Amino acid sequence: MWWGANGPFYLRRAALQWLAAQGRAGYGSPADIGRMTRRQILLHYDCALRRERRMRAERIVDVGHGMAGGKEAQALVKQLAG
């Protein structure tokens, strides 16, 4: 009963989150995605999720270095500044 009343809301929300992840990853507009096969969509979505997870992991490392400071943080900044 609960899912019958609330299911469409959660499905729309999941679809919007999926579409936003595809857009952030640069996989095209909704029209482009509409021409993809189901397998292509799932592969692109998995790739977008992996990319976002890598970016989160990098942010965690960056914040850790920023909080710790010291020579390691200065070395990281020099390395990133190139």
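Arranged by the count of other C-beta atoms within 10 angstrom, fewest first, what order do Asp62, Asp46 take? Mind dumping the intermediate values first?
On the way: Asp62 14, Asp46 10.
Fewest-to-most ranking of Asp62, Asp46: Asp46, Asp62.
Can you tell me the length gained on complete extension of the stretch Ala20 to Met36, counting 0.36 nm per residue apart and subtracting the Cα distance? Don't skip to the end; give the middle numbers.
Values: separation 16, 0.36 × 16 = 5.76 nm, distance 1.63 nm.
Fully extending the segment from Ala20 to Met36 adds 4.1 nm.
Distance between the modelled labels on Leu76 and Cys47, one decimal in nanometres: 2.9 nm (7 Å Cα→Cβ projection).
Laboratory data are not the source of any read-out in this text; all were calculated from the coordinates shown. All values derive from a computational prediction rather than experimental measurement. Ideal geometry is used to build each Cβ from the backbone, glycine not excepted, and the neighbour counts take in all protein chains shown.
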